[in-house]
Amino acid sequence: MKVLIATKKLSKYYGRGEIKAVDQLEKAGRTIFICTHILPITKKLSDRIGVINQGKLIASGTIADIIADAKTNTLEEAFIAITGGIKEKELLAWREQKNAGT
C-alpha cells in the first residue's frame, strides 16, 4: 500500500489541478492522508475523516457518522460540538496576533 500525506498547504490549491491529482490517486487505490482545517476540502476529498484535538484523535468515521454521532446537522457544527468550539480566550489571542501582523 502506498500513502500520500498532504498538509494544510494543499488548501491553496483548492479547485486547481492538484485536487484532480488527488482524485486520480484515490481512484488508483491509494490512501491519502490530508491534514487541513478547511472543511470544504475535507467534504470534497474524504471518504473517512478523523478529528484531532490537542494531539489526540477524538472522532473518526465517515462524514455522516461524525455528524450523526455529534447530533448535529453539518460537519462544521459537528466539529464545534466535538472539540468544544473555539474558546473565547484563544479567539482573542488569535485576533491580537493577527492584528499585530498587519
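The values are calculated or read from the model by the stated rules, or taken from the named source; none is laboratory data. If you're wondering where the values come from, they're calculated on a predicted model, not measured in any experiment. When we count neighbours, we look across all protein chains shown, and the Cβ atoms used for this are built from the backbone with ideal geometry, even at glycine.
Structure notes:
- Residue within region 63-77 that is β-branched (Val, Ile, Thr) and out of contact with any helix residue (DSSP H, G or I) (no Cβ under 8 Å at 6 or more places or on another chain) present: no
- Scanning region 1-59 for residues that are farther than 30 Å from Gly84 by Cα, at pLDDT 70 or above and not in a helix (DSSP H, G or I) returns Ala28, Gly29, Arg30.
- Extreme residue, modelled with the highest pLDDT, among residues of region 75-95 that are surrounded by 10 or more Cβ atoms within 10 Å (Cβ to Cβ) and over 28 Å from Lys43 (Cβ atoms): Ala93
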